[in-house]
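The values are calculated or read from the model by the stated rules, or taken from the named source; none is laboratory data. As the structure is a computational prediction, the values presented were derived from the model and not from experiment. We place every Cβ from the backbone using ideal geometry, glycine too, and count neighbours over all the protein chains shown. Just the protein is used for accessible areas: all its heavy atoms, side chains included, with ligands, DNA and RNA removed. Shrake-Rupley method; radii C 1.70, N 1.55, O 1.52, S 1.80 Å.
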Amino acid sequence: MNALLIYPEFPDTFWSFRHALKFIGKKSAFPPLGLLTISSMLPKSWDRRLIDMNVRSLTAADLKWADVVFASAMYVQKESLKEVIALCKAQGKTVVMGGPYASMGLNEAVGADHTFVGEVETTFAGFLDDFEHGEAKAVYEAPERPALSLTPIPDFGLAELGRYSDMCVQYSRGCPFNCEFCDIIEIYGRVPRTKSNEQTLAELDELMRIGWRGEVFVVDDNFIGNKRNVRLLMPELIEWSKRNKYPFAFTTEASVNLADDDELLKQMQAAGFRQVFIGIETPVTESLIEAQKGQNTRRDLIDSVKKVQSYGMEVLAGFIVGFDNDPDDIFERQINFIRESAIPVAMVGLLAAIPDTQLWRRLEREGRLAGALEHSGSNTDCVLNFVPKMDADTLVEGYKSILRNIYSPSEYYDRSFDSLGRVMRDGSPQIGESGLKREDVAAFARIIFSLGVRDRSRGDFWRFMRRVVASHRDKIEDGLMLAALGYHFRKLTETYCN
């Protein structure tokens, strides 16, 4: 049996990093971890092939080879997913669909033969048995959220490693908080489940075995959701990293209460964590209360960001405008907060009512979804899918003004320089071998040529780099990578906010 695993294409969004990836010769940031995990759950006798459409095209030869197609997608990939399924069905292929999009009750018109709703660890074996006997059902829905002890090591070797900037592992699912706009707690629940320490280290061992070195994204939506288990993991992860000479620089996502735990911050730094994405959302307390994000109201958010930065971790953050309680000056307040917190990579989005979330249900009760456009899943397309309290045109234009400001070259470079000064790496381990590799030199040369010679904002680039060399000579590489990311965000802003 030939199994073709297809990952649909992402549009150009904040998380695609497309304009920055070209500088380092990569096609995509992350491989499709869900499909790599499904590959490990298929019978050993099956042949399998991964087509990640973000790194290579799906061809007629691929479809001809396949006996069955497995497709997975997030909400933002839905249009590409629909095209893929239509193409497969036109070729008479059986299509099996799963992933977050399938779990959101939005798959009625997609046309897959078999759909998985929820996590698959307890339903996939039954599907395979039904499929073998020609009795596979249209929908397989998990009766409960499974223990992650059932999750196998992903088939990392199926991915074309050289085409990605990062590899991914997952430690936990779920989040203990109750943010109204969040779909994560709807899909994965509010009781965070984790893999065992042995499972997690075995996955890292496998990445080492297949030759990966460098960036590893721990894709948990809240890495510290189960703090008790994380505290048990960290000493073993520190020892593993030290024993293997720190092969990986880790990035993850966490709630802002990470800043309350100095010991955990110290452990994450010692293990090799270099970046943390935090959901700040807004500096307006009334809007945080509206969003049921109480964990952000019990602290000074600027001080919390500074605390994380002081442990050698760059803070990336999410921000939202469009809450009912947003004041008229919300746009200036967001700009000022992002500037003061020295967060270079700031994902600012319009509030979106994602189906099956608490926000969606509330707005539906209030009659504020009537006639609303279906949301694309992109955080950069400037489309509202509900009726806001603020005048809609004012909200959209204000949102655009934030992006135009924070990703203007001078503003972004100033913020990046401040971040370099606050991210204290004195206690951080050296990741990998010291010295630049050939591919690093080539990447930095492309950045310098593109941003320092060809770009119309080259003056801002050189002012930034002169400041970096003068004040942070040990962080020149970090400065160049921040410059590349800034170019990506500026290109997105020019596309969507003009």
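Below are the figures for this structure:
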item	result
Pair list, Cβ under 7 Å, 6 or more apart: region 468-479 residue basic (Lys, Arg), other residue part of a helix (DSSP H, G or I)	Lys475/Leu420; Lys475/Val468
Lone qualifier among Lys307, Lys293 - being on the phi < 0 side of the Ramachandran plot, touching a strand residue (DSSP E or B) at 6+ places or on another chain (Cβ under 7 Å) and not aliphatic (A, V, I, L, M)	Lys293
Single condition Glu186 does not satisfy, out of (1) more than 18 Å from the chain's Cα centre (by Cα); (2) within 30 Å of Gln295 (Cα to Cα); (3) among the charged types (D, E, K, R)	(1)
Only listed residue being over 19 Å from the mean Cα position of the chain (by Cα), touching a residue at least 24 places away in the same chain (Cβ under 8 Å) and open to solvent by 40 Å² or more (accessible area, probe 1.4 Å), chosen from Glu160, Glu215	Glu160
Odd one out for Asn325, checked against (1) assigned to a loop (DSSP other than H, G, I, E, B); (2) modelled with pLDDT of 95 or more; (3) open to solvent by 40 Å² or more (accessible area, probe 1.4 Å); (4) out of contact with any helix residue (DSSP H, G or I) (no Cβ under 7 Å at 6 or more places or on another chain)	(4)
From Arg333, Arg361, Arg368, residue being open to solvent by 10 Å² or more (accessible area, probe 1.4 Å) and over 29 Å from Met74 (Cβ atoms)	Arg333
Output for region 241-262, where each listed residue is open to solvent by 10 Å² or more (accessible area, probe 1.4 Å), assigned to a helix (DSSP H, G or I) and closer than 19 Å to Asn197 by Cα	Lys242, Arg243
Any hit, region 188-201, residues being modelled with pLDDT of 95 or more and acidic (Asp, Glu)	yes
Any hit, region 388-406, residues being farther than 27 Å from Arg490 by Cα and either at pLDDT below 95 or open to solvent by 40 Å² or more (accessible area, probe 1.4 Å) (or both)	yes
Subset of region 192-226 (residues that are part of a loop (DSSP other than H, G, I, E, B), under 24 Å from Pro176 (Cα atoms) and among the hydrophobic types (A, V, I, L, M, F, W, C))	Val219, Phe223, Ile224
Answer residue from region 7-17, given it is in a helix (DSSP H, G or I) and hydrophobic (A, V, I, L, M, F, W, C) and is most open to solvent (accessible area, probe 1.4 Å) among those	Trp15
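One line per residue, one yes/no per condition, for (1) in contact with a helix residue (DSSP H, G or I) (Cβ under 8 Å, 6 or more places away or on another chain); (2) open to solvent by less than 10 Å² (accessible area, probe 1.4 Å):
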| residue | (1), (2) |
| --- | --- |
| Leu5 | yes, yes |
| His19 | yes, no |
| Lys26 | yes, no |
| Met53 | yes, no |
| Trp65 | no, no |
